[in-house]
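See below for the structure under consideration.
The values are calculated or read from the model by the stated rules, or taken from the named source; none is laboratory data. Everything numeric here is computed off the predicted structure, so don't read it as measured data. As a convention, Cβ positions derive from the backbone with ideal geometry for all residues, glycine included, and neighbour counts pool all protein chains shown. Remember, those area values only see protein heavy atoms, side chains included, never the ligands or the DNA or RNA. Shrake-Rupley method; radii C 1.70, N 1.55, O 1.52, S 1.80 Å.
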Amino acid sequence: MENSAKENTQLFFTKSERPMNRTPFKSQPSISEGKQPCCGELKVFLCALSFVYFAKALSEGYLKSTITQIERRFEIPTSLVGVIDGSFEIGNLLVITFVSYFGAKLHRPKIIGTGCLIMGVGTLLIAIPHFFMGHYRYEKFSPSNSTTAISPCLQEHNKKIAFSVLEKSQSKVNTGCVQTVAIIGPIFGFLLGSMCAKLYVDIGFVNLDNLAITPKDTQWVGAWWLGYLIAGTLSLIAAVPFWFLPKSLLTQRDTNLMRLESRKDSISSSEKSKFIVENSKEYHIHYQERVTMLEMARDFLPSLKRLFGNPVYFLYLCASTVQFNSLFGMVTYKPKYIEQQYGQSSSKTNFVIGLINIPAVAFGMFSGGLVMKKFRITLFGASKLYLGSLFFGYLLLLSLFAIGCDNSDVAGLSISYQGTRQVSYYEQALLSDCNSGCTCSQTEWDPICGENGITYVSACLAGCQSSTGSGKNTIFYNCTCIGITESKSGNSSGIVGRCQKGNDCSKMFLYFLVISVITSYTLSVGGIPGYILLLRSISPHFKSFALGIYTLAIRVFAGIPAPIYFGVLIDTTCLKWGVKKCGYQGACRLYDSYTFRYIYLGLTMLLGTMSTFLSIAMLFVLKRRSVSENGNLENSKDEAMESTSSKKEHLTHNDHIFETFYWPGKETEL
């Protein structure tokens with residue numbers, strides 16, 4: 001295909017150099033014939049690339065939706081989950097710079113296909129641990145049957161019964177198209193996460209009727225592995241079309257465009273036609289020339305130096321990197337924040353994010369692009385729109401500090417057993433006079449909700465003396481610690497699971513959703529103007545390289561570290577840590593809602609403010625450059641007018657020279 005394209009191009013140049021009165025009618029059928037395959041291949045490429053973007057975005061969105069599920073399943077802290085999330089970007093770092101630089105000279109479709117295969121296999125590998133770790137075991141009090149009353153205070157005896165019972169129960173398409181699909185991907189990723197979160201982690205391997213927890217329980221772990229199998233399969237399917245596409249899709253189209261250009265220009269003078277053909281030859285030779293790897297490698301560092309020497313590009317790169325730190329951290333732990341702050345289930349959280357938040361981002365990007373196109377905004381205007389979206393977006397984010405819920409009332413952690421607020425938290429606070437007669441473990445997390453509205457870490461720590469029922473229907477009676485606040489003498493009861501947060505918290509959650517959607521929309525409005533700003537601030541020769549460096553910087557300095565240090569700071573807000581069977585620290589069971597909110601939103605605001613100041617600096621540089629360019633333009637106009645007047649005088653004085661000599665470049669320049 002490439003050889004035929006070269007021959008057609010050479011044939012075009014040969015025919016274009018003929019005199020004007022000899023129109024190449026024989027080339028007309030070849031134009032239509034050559035155009036159809038090119039357009040077909042281009043459509044296939046765009047459809048395949050869109051599907052790749054969809055699969056990649058779905059995988060990333062699904063990864064964000066499984067953060068809390070993975071944390072509970074593998075009993076790991078949030079900081080380690082952040083490392084897992086950041087490692088999703090590490091693979092790109094090994095090749096992204098070289099692919100962006102050398103990829104233009106290599107077989108691009110096959111490179112994309114290879115990347116899809118690697119991504120698909122890697123996504124499938126994420127689900128592999130599920131099939132080798134055995135069944136998920138959660139801490140739960142389980143009496144032997146529904147008719148026997150067993151005292152939860154006899155904790156050591158009951159633990160053996162609980163584990164034994166549990167063991168028995170568990171057996172005309174353009175790049176706007178591509179970006180749109182990339183936005184749709186995370187929507188389906190979070191919706192897939194919502195669906196999988198409703199399914200129990202060991203679905204198909206255990207009897208679900210014997211489960212003692214529900215999706216609303218903090219110990220629930222959904223089928224996190226199922227979505228990775230689906231996403232990995234989609235990535236493998238997306239790789240198939242690229243192995244059947246040619247190396248270049250633009251050669252035939254460019255040839256056809258040059259043929260049409262030559263026909264339009266056939267009515268012009270022979271000198272003008274000759275000028276265009278010579279320029280087309282030079283462009284074609286430059287486009288088709290083959291540069292060795294060694295020559296490209298030698299030009300790498302000088303190109304990088306010239307790129308960073310552009311102040312607008314460098315400031316935008318810094319501003320975007322800091323902004324994406326805030327966005328990556330905020331998006332990664334947004335499901336966790338909603339679950340802990342507003343007491344929502346993982347399934348509902350993922351559903352809300354996928355169906356409300358992400359469409360708001362897509363609509364914001366569309367609005368920003370529409371404004372840029374409708375009002376034909378300049379480079380300086382694009383920078384102002386980008387800065388405005390940052391400023392008002394983070395300003396709206398400030399209001400979320402006031403939209404939060406109080407800590408869950410958990411005896412011995414957030415409040416005392418007498419019902420007063422705790423000043424400090426420590427492990428021995430779980431013990432009290434009301435449960436001193438029980439041999440309770442302080443490391444377990446098997447919460448029950450007392451009829452007084454207070455959550456207790458376990459039925460044993462609640463001082464419960466008897467129980468009836470089994471599984472989800474277990475009811476505990478004669479709980480001495482619950483009776484303290486109820487002014488009763490050991491005649492209080494409780495049910496399995498944490499107490500739900502009040503109606504006020506449900507209202508706060510609705511307010512949070514509204515503000516969150518508006519904030520997401522406002523911040524995303526500056527997405528397209530920022531991207532246009534990036535492309536227009538550099539010369540066309542460096543666009544591919546500049547985009548590669550930009551993507552690399554975002555991944556290295558934002559995509560990888562942001563989830564890690566956000567996770568480390570979130571871990572500092574934990575009130576109750578789980579303990580693994582081996583004795584090491586597990587996942588966090590309960591967070592301090594106040595501290596969590598201030599750290600999560602405060603760090604996001606701090607990074608957003610830094611990004612805003614960098615954007616202001618970039619705006620000043622652009623303004624200075626704009627003033628300088630306007631001054632140079634005025635000077636060039638004055639020089640052109642003086643030159644024109646002098647030429648007129650010279651031509652008037654030497655009229656016979658103009659008649660004798662014809663200036664070939666005059667027509668083309670005009």
Open item on the list: Looking at S367 and the list (1) under 23 Å from S506 (Cα atoms); (2) part of a helix (DSSP H, G or I); (3) of a type in the set (S, T, N, Q), which single condition is not satisfied?
Closed with: (1)
Open item on the list: Of the residues C153, C177, only one is part of a helix (DSSP H, G or I), at pLDDT below 85 and either at negative phi or crowded, with 19+ Cβ neighbours inside 10 Å (or both); which?
Closed with: C177
TODO: Note down all Cβ pairs under 6 Å where the first residue falls in region 58-80 and is among the aromatic types (F, W, Y), the second is assigned to a helix (DSSP H, G or I) and at pLDDT 90 or above, and they're at least six residues apart or on different chains.
DONE: Y62/G189; Y62/L192; Y62/G193; Y62/G227; Y62/A231
Task: Sole exception among (1) closer than 30 Å to G483 by Cβ; (2) charged (D, E, K, R); (3) outside any loop (DSSP other than H, G, I, E, B) for D406, by number - done: (3)
Task: Selected residue [in contact with a helix residue (DSSP H, G or I) (Cβ under 7 Å, 6 or more places away or on another chain), modelled with pLDDT under 90 and not hydrophobic (A, V, I, L, M, F, W, C)] from Y342, Y337, Y417, Y394 - done: Y417
- [ ] Tell me, yes or no, whether region 577-597 has at least one residue that is open to solvent by less than 80 Å² (accessible area, probe 1.4 Å), assigned to a helix (DSSP H, G or I) and at pLDDT 95 or above.
- [x] yes
Task: Residue that is surrounded by the fewest Cβ atoms within 10 Å (Cβ to Cβ), among those in region 463-486 that are assigned to a loop (DSSP other than H, G, I, E, B) and of a type in the set (A, V, I, L, M, F, W, C) - done: C464
- [ ] Report the residue count in region 582-605 for those that are within 18 Å of A402 (Cβ to Cβ) and more than 20 Å from the chain's Cα centre (by Cα).
- [x] 9
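I'd like the full set of residues that are farther than 18 Å from G497 by Cβ and buried (at least 24 other Cβ atoms within 10 Å of the Cβ), limited to region 342-353.
Within region 342-353, N350, I353 qualify.
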Open item on the list: Among the residues that make up region 316-325, is at least one of them open to solvent by 40 Å² or more (accessible area, probe 1.4 Å) and either basic (K, R) or assigned to a loop (DSSP other than H, G, I, E, B) (or both)?
Closed with: no
Task: Scan of region 218-243 for residues that are more than 24 Å from the chain's Cα centre (by Cα) and modelled with pLDDT of 85 or more, ordered by number - done: Q219, W220, V240, P241, F242, W243
TODO: Could you tell me which residue of region 58-90 is surrounded by the most Cβ atoms within 10 Å (Cβ to Cβ), considering only residues that are in contact with a helix residue (DSSP H, G or I) (Cβ under 6 Å, 6 or more places away or on another chain) and of a type in the set (D, E)?
DONE: D85
- [ ] Could you check, for region 512-527, whether at least one of its residues is farther than 26 Å from F391 by Cα and either small (G, A, S) or at pLDDT below 95 (or both)?
- [x] no
- [ ] Go through region 221-249 and count every residue that is open to solvent by less than 20 Å² (accessible area, probe 1.4 Å) and in a loop (DSSP other than H, G, I, E, B).
- [x] 3
Open item on the list: List pairs: first residue in region 210-233 and within 15 Å of H135 (Cα to Cα), second residue polar (S, T, N, Q) and in a helix (DSSP H, G or I) anywhere in the structure, Cβ distance under 6 angstrom, at least six positions apart or on different chains.
Closed with: N210/S169; V221/Q69; G222/Q69; W224/Q69
Task: Looking only at region 85-139, and only at residues there that are farther than 30 Å from K472 by Cα and acidic (D, E), the one that is modelled with the lowest pLDDT - done: E89
